[in-house]
1. Yes or no: A42 over 23 Å from A131 (Cβ atoms) and under 16 Å from the mean Cα position of the chain (by Cα)?
2. Restricting to segment 132-160, what's the tally of residues that are open to solvent by 80 Å² or more (accessible area, probe 1.4 Å), closer than 19 Å to I98 by Cβ and assigned to a helix (DSSP H, G or I)?
Amino acid sequence: MWLLIFGLLMWSCVHFFPSVAKCMRGQIISKIGLGPYKGLFAILIVSSVVLIVIGWRSIGPVDIYLPQSWGRHVTFLLVLFTFILFVAARRATNIKRILRHPQLTGLVLWSIGHLFANGDNRSLILFSWLAVWAVIEMILISKREGDWVRPESVSVKNDVITIIGGCIVYTIFLIAHPYLTGIKLV
């Protein structure tokens, strides 16, 4: 349990650092350079993910609540939206005119979706933590970046390509889920 919590704490702190310690971040970058800073950031994030995965797998699941049978279907739908939003975060889309933080919004949907399908202790810790982290991260990033300037409208073609791309990534992860998590979905 502690590895999972430590990994989630590490994940959160590393991601919060640029927003809550801007001056310290600048000092570190001026001392070691932007490239090494990004490398260190990446190493810490990968390390936190490894701790989260090891921590997750080391915990025997104990049911806290019994999910409803329809929760699984809600999860599939919310995770589909998640992957569309993840793709939208990297492209010029009209989705970005509606959502300032599409990737983090997607992570909130992903987390909530998983709570509809999983009622065990480790799921509650992981998915609740990540949902709360994503909301706080959106607030911190918005505060750091100031007023939101909505992007210009783009062709609907961009949105269609984004949705198709999100569906493709969703399908890949649907197939890979048992190999990544040990949990069969279909």
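1. Numbers: over 23 Å from A131 (Cβ atoms): yes; under 16 Å from the mean Cα position of the chain (by Cα): yes.
Criteria met by A42.
2. Number satisfying all stated conditions: 4.
Okay, residues lined up against (1) farther than 25 Å from W11 by Cβ; (2) touching a residue at least 12 places away in the same chain (Cβ under 8 Å):
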| site | (1), (2) |
| --- | --- |
| A92 | yes, yes |
| L104 | no, yes |
| W110 | no, yes |
| N118 | no, yes |
| N121 | no, yes |
| L130 | no, yes |
| R150 | yes, yes |
| I161 | yes, yes |
| H177 | no, no |
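The values are calculated or read from the model by the stated rules, or taken from the named source; none is laboratory data. Since the structure is predicted, the reported quantities are computational estimates derived from the model, not experimental observations. Virtual Cβ from ideal backbone geometry, glycine too; neighbours counted across all protein chains shown. Surface accessibility is based on the protein's heavy atoms, side chains included, excluding ligands, DNA and RNA. Shrake-Rupley method; radii C 1.70, N 1.55, O 1.52, S 1.80 Å.
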